[in-house]
Amino acid sequence: MNEQNLMAVYRYMQERGLSDTAIYAMLGNIAVESAYSFDPSIEQQGERKDPAYGLFQFDPRGGLYQPYMDYVKTTEDQDPASIKNQLDFMIDSVTGDYRPGAEYMGFGNVKKVNEAFQGDDVEEATKLFSEKILRPGKPHLDRRIASANTARDLISANLASGVGEVIAFEDPSQTAEEAGQRGSFLEGLRGLYQLFRGDEEAPEPVTQEMPTDEEIVNVLEEQNNFEPTITEADELQARPVYLRSLFQ
């Protein structure tokens, strides 16, 4: 799990004006598509010489690959591995601003997804984005929903804590000192855990023994209104494992 990439994706979708439902639904899908790396250059594993890649696993053998490549040609840097370009393509296609993308997805599908994005049911929006837009061969829908909920909980906890700013897109005008002062998502979450564990005076993030699943979840439940909405046993297992992985 790359927390810097996660927060970069989150912040940019915020800048584009997406609703919280849309953001978390897309983050849940991106998590599974990118093997939880949120890396725009990640490639599909296997022996293929032309692997699918990116946040949405654009596949050269079909799917959204060609509409995306056509879109990239219209961008300033024409970089297919850019987080910005990949997100802009998907957002512009789903909103209908990029007609070739919306046409490929199907205008009816785009309409249904947009309606879900304007509501407050993250799980339904996550499901529709997977089924109507990405159409993966192996949906793993339970993982997508669990990831959407987890991303929402972690980001909400980080923003509410005030301990360590979240990561935004790299600013070329920012000095190294300013960049260092921004902190990171991981430091913020560690600091949050440390603060509510009772170590208010400690100046450094927690670096000793890794907290248990129960300790992490208890902190988020007690201090940040973390209320799991999961119903499936595998999702129940996935959340604390995902939380604990951030401390490794």
Counting just the residues of the stretch 95-117 that are small (Gly, Ala, Ser) and outside any helix (DSSP H, G or I), which one comes out nearest to Gly62 (Cα to Cα)?
-> Gly106
Answer yes or no: is there a residue in the stretch 102-112 that is under 24 Å from Ser37 (Cβ atoms) and either modelled with pLDDT of 95 or more or not assigned by TED's automatic domain parsing to the domain that holds Glu33 (or both).
-> no
Answer with yes or no whether Leu55 is in contact (Cβ under 8 Å) with a residue 24 or more places away in the chain, part of a loop (DSSP other than H, G, I, E, B), surrounded by 21 or more Cβ atoms within 10 Å (Cβ to Cβ) and in contact with a helix residue (DSSP H, G or I) (Cβ under 9 Å, 6 or more places away or on another chain).
-> yes
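Residue-wise test of (1) of a type outside the set (Val, Ile, Thr); (2) at pLDDT 90 or above; (3) more than 10 Å from the chain's Cα centre (by Cα).
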| position | (1), (2), (3) |
| --- | --- |
| Asn5 | yes, no, no |
| Gln14 | yes, yes, yes |
| Leu18 | yes, yes, yes |
| Ile23 | no, yes, no |
| Asn29 | yes, yes, no |
| Ser41 | yes, yes, yes |
| Glu47 | yes, no, yes |
| Ala52 | yes, yes, yes |
| Phe58 | yes, yes, yes |
Tell me which of these Pro80 doesn't satisfy, since it passes every other one: (1) modelled with pLDDT of 95 or more; (2) more than 22 Å from Ala8 (Cβ to Cβ); (3) in a loop (DSSP other than H, G, I, E, B); (4) of a type outside the set (Asp, Glu).
-> (2)
Does Ala157 qualify as being within 12 Å of Ala25 (Cα to Cα), touching a Phe, Trp or Tyr at 6+ places or on another chain (Cβ under 9 Å), in contact (Cβ under 8 Å) with a residue 24 or more places away in the chain and small (Gly, Ala, Ser)?
-> no
State all residues of the stretch 98-119 that are of a type in the set (Phe, Trp, Tyr), under 16 Å from Tyr24 (Cβ atoms) and free of Cβ contacts under 8 Å to residues at least 40 places away in the same chain; if no residue qualifies, say none.
-> none
In the stretch 11-46, what count of residues is obtained for those that are under 12 Å from Arg152 (Cα atoms) and either in contact (Cβ under 8 Å) with a residue 40 or more places away in the chain or not assigned by TED's automatic domain parsing to the domain that holds Lys127 (or both)?
-> 8
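The values are calculated or read from the model by the stated rules, or taken from the named source; none is laboratory data. In this text, all values refer to a predicted model and were calculated from it rather than measured experimentally. Glycine gets a Cβ as well: all are built from the backbone with ideal geometry, and neighbour counts include every protein chain shown.
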